Amino acid sequence: METVQKATFKYFWDFAHPVSGMTPERTATPTIVTSGGTGFGVMCLVVGVQRGWITREQAVSHLTKMTKFLSAADRFHGAWSHWLDGRTGKVVPFGEKDNGGDLVETAYLVNGLLVARAYFDQQNPQETQLRDQITKLWETVEWDWYASHGDGHLYWHWSPNYEWAMNMPIRGYNECLITYVLALGSPTHAIKPEVYQNTWKKSDFYTNGNQYLGYTLPLGFPYGGPLFFAHYSYLSLDPRKMDDGKTNYWKLNLAQTLINYTHCVSQGEKFGYSTDNWGLTASDDYNFYDAHSPTNDNGTISPTAALSSFPYTPYASYQAMRYFYLKKGNPLFGPYGFYDAFSQVKNWYSNQYLAIDQGPIVVMMENYRSGLIWKLGAGIAELTTGLKKMGITTPSYPTGFYMYLPDPKTNEVDLMRHTDRATYILDIAVKGKESVKLELTDRNGKVETVLLNKALTEGIHEIPFVAKGGKYQAILSQGTKQEKVLLNLR
């Protein structure tokens with residue numbers, strides 16, 4: 001875990017642009033820096049400080065340079081372009097008409113900066129200056145301008161030459177949820193809640209509700225789409241604590257990940273996939289670049305897909321990481337961690353790193369290991385404000401095993417020892433003040449051990465325990481109510 005996470009972090013530290021401090025789009029274009037990937041990289045720097053890979057002072061100095069550069073760079077009603085020249089701050093067009101503000105990329109950048117503002121909270125001149133500069137950048141993004149086209153929609157792009165010609169309302173469901181959280185949470189340029197309702201939710205691919213490979217998918221494209229949908233907006237937003245009354249966002253992301261994993265396992269003979277070799281998302285491939293998914297699968301595995309899914313599928317993600325590192329080795333693992341993608345059937349390996357793929361690996365591995373970025377995100381008042389305006393609040397889970405979706409064929413949940421704590425952890429929810437009892441039994445119902453027998457505060461809890469590997473049943477009781485889950489302790 002440490003080897004992979006630290007190597008990936010180095011993309012954002014060792015390969016950062018020397019003038020701007022921002023993150024290059026990819027290794028092949030070191031002077032073109034990317035707004036969104038830089039936002040991911042800012043969160044990676046926070047992880048780097050917490051892990052002791054760089055000092056707090058080094059990170060503050062680096063981020064101060066970055067924020068000064070951003071304040072002088074091209075902006076379009078407060079939004080940055082997708083790409084910038086890392087030497088000058090001038091826009092580098094992403095496409096012919098995409099030469100102005102990119103609100104989604106700006107959201108990823110601002111989200112990272114707000115996480116840094118929350119983390120670097122010491123009362124000294126350096127950190128105070130950094131926080132003030134971040135606040136100024138954040139509060140001068142004109143989110144409401146991007147909803148001023150006259151039709152009540154929030155738009156992705158605006159250009160000084162082509163104005164709204166890109167014509168892309170930010171509709172769901174995809175990777176852009178964090179854009180609405182920030183646009184609604186802005187203290188200076190907030191959009192109206194009805195813009196969220198009329199744009200994000202008015203899409204042919206918003207509500208789903210169908211079952212794929214045994215898992216029900218509440219929102220999104222058939223079979224879930226590429227896995228970065230479950231990563232980009234959730235780097236700082238803890239989906240366990242997000243529910244709008246119709247959709248539980250943890251179950252949404254878990255279902256998408258398990259559909260992706262199950263699809264890959266089912267296609268093993270065709271593409272060389274397996275329970276160890278899985279993960280489809282947007283990345284380079286042997287044709288150039290594509291958004292790979294169960295419905296758009298050409299045999300390309302992107303390591304970021306499985307590794308950024310660590311909070312959702314820790315056992316399957318860990319097996320993939322071991323396979324990529326131990327079995328693939330040098331062709332796939334280089335100075336900045338795993339290269340972007342590979343195809344077993346084509347014997348093709350990328351020689352590139354992409355910022356938007358490397359960043360979620362570091363952050364989501366950390367959210368699995370310690371929950372660091374999720375905890376910081378929970379303390380950012382503007383994110384909470386945005387979520388509330390969207391009707392998304394912390395759910396009041398009934399007493400039970402709220403985090404798991406058992407395998408539809410075996411009805412089992414794979415559970416491995418937490419990599420940092422060396423114990424198994426059962427995640428449970430408790431509602432009410434009545435005492436709860438948690439027992440571990442063998443498959444015949446014989447009690448192996450009582451893990452818990454007392455009253456707990458209402459909410460979600462992690463219950464650590466030690467046991468031998470094998471198949472068990474966990475039984476959670478509260479009064480006359482009883483919940484069970486079959487476990488395969490790995």
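The values are calculated or read from the model by the stated rules, or taken from the named source; none is laboratory data. Everything numeric in this text was worked out from a predicted model, so none of it was measured. Cβ atoms come from the backbone with ideal geometry, glycine included; neighbour counts cover every protein chain shown. In case anyone asks, the SASA skips ligands and DNA or RNA and just uses the protein heavy atoms, side chains included. Shrake-Rupley method; radii C 1.70, N 1.55, O 1.52, S 1.80 Å.
Within straight-line reach of residue 446, meaning a Cα separation under 17 Å, sit the following lysines at least 8 residues removed in sequence or on another chain: 437, 468, 471, 484. From the Cα gyration tensor of segment 271-381, with a ≥ b ≥ c the square roots of its eigenvalues, which class applies: rounded if a/c is under 1.5, or else prolate if a/b is larger than b/c, or else oblate? Taking the square roots of the gyration eigenvalues as a ≥ b ≥ c, segment 271-381 is prolate.
For segment 312-367, the solvent-accessible area works out to 35 Å² per residue, with a probe of 1.4 Å and every protein chain left in place.
Helix 125-139 and the longest principal axis of the Cα set of the chain meet at an angle near 80°.
Each label point was placed 7 Å from the Cα along the Cα-to-Cβ direction; for residue 148 and residue 322 their separation is 5.6 nm. Neighbours of residue 126 by Cβ distance under 14 Å: Lys/Arg scored +1, Asp/Glu scored -1, total +1.
Just how far, in whole angstrom, is segment 372-424 from segment 7-54 if you go by their alpha carbon centroids? For segment 7-54 versus segment 372-424, the Cα centre distance is 27 Å.
If you sort the three axes of the alpha carbon gyration tensor as a ≥ b ≥ c, you get a/c of 1.5 or more for segment 355-490 and a/b no higher than b/c, which makes it oblate. The phi-based Karplus calculation (6.51 cos²θ - 1.76 cosθ + 1.60; θ = phi - 60°) puts the 3J(HN,Hα) values of segment 108-114 at 4, 5, 5, 4, x, 5, 5 Hz, whole numbers, x for Gly and Pro. When +1 charges are put on Lys and Arg Cβ atoms and -1 charges on Asp and Glu Cβ atoms, the dipole computed for the chain relative to its Cα centre reaches about 1240 debye. Subtracting the Cα-Cα distance of residue 202 and residue 346 from 0.36 nm times their residue separation leaves 47.9 nm of extension gain. I'd like the FRET efficiency for residue 482 and residue 87, computed as 1/(1 + (r/R0)^6) with the beta carbon distance as r and R0 of 60 Å, rounded to 0.05. So the FRET efficiency works out to roughly 0.40.
Amide H contacts under 5 Å for residue 333: 339, restricted to partners 5 or more places along the chain or on a different chain, H placed in the peptide plane at 1.01 Å from N. Can you pick out the pairs among 10/375; 251/409; 90/202; 6/328 whose Cα atoms lie more than 28 Å from each other? Long pairs (Cα-Cα over 28 Å): 90/202. Put simply, when 432-444, 44-56 are sorted by average Cβ atoms within 10 angstrom per residue, most first, you get 44-56, 432-444.
For segment 204-335, relative contact order (Cα pairs under 8 Å, six or more residues apart, normalised by length) works out to 21 percent. Taking a ≥ b ≥ c as the square roots of the Cα gyration tensor eigenvalues, segment 288-352 comes out oblate, since a/c reaches at least 1.5 and a/b does not exceed b/c. How charged is the neighbourhood of residue 141? Take every other residue with its Cβ under 15 Å from the Cβ of residue 141, and add Lys/Arg as +1 and Asp/Glu as -1. Neighbour charge sum, excluding residue 141 itself: -4. A simple spin-label model places the labels of residue 466 and residue 394 3.1 nm from each other, with each point 7 Å out along Cα-to-Cβ. Converting phi to 3J(HN,Hα) with the Karplus coefficients 6.51, -1.76 and 1.60 and the offset θ = phi - 60°, segment 165-173 yields 4, 4, 6, 10, x, 8, 9, x, 9 Hz in sequence order, with x at every glycine or proline. Computed from the C-beta positions of residue 330 and residue 448, the FRET efficiency with R₀ = 60 Å rounds to 0.85. Derived scalar couplings between HN and Hα for segment 403-409 equal 8, 10, 10, x, 4, x, 8 Hz in order, rounded to whole Hz, by the Karplus curve 6.51 cos²θ - 1.76 cosθ + 1.60 (θ = phi - 60°), x for Gly and Pro. Between segment 279-340 and segment 58-80, the alpha-carbon centres lie 31 Å apart.
Label-to-label distance for residue 31 and residue 132 is 3.5 nm, based on points extended 7 Å past Cα in the beta-carbon direction.
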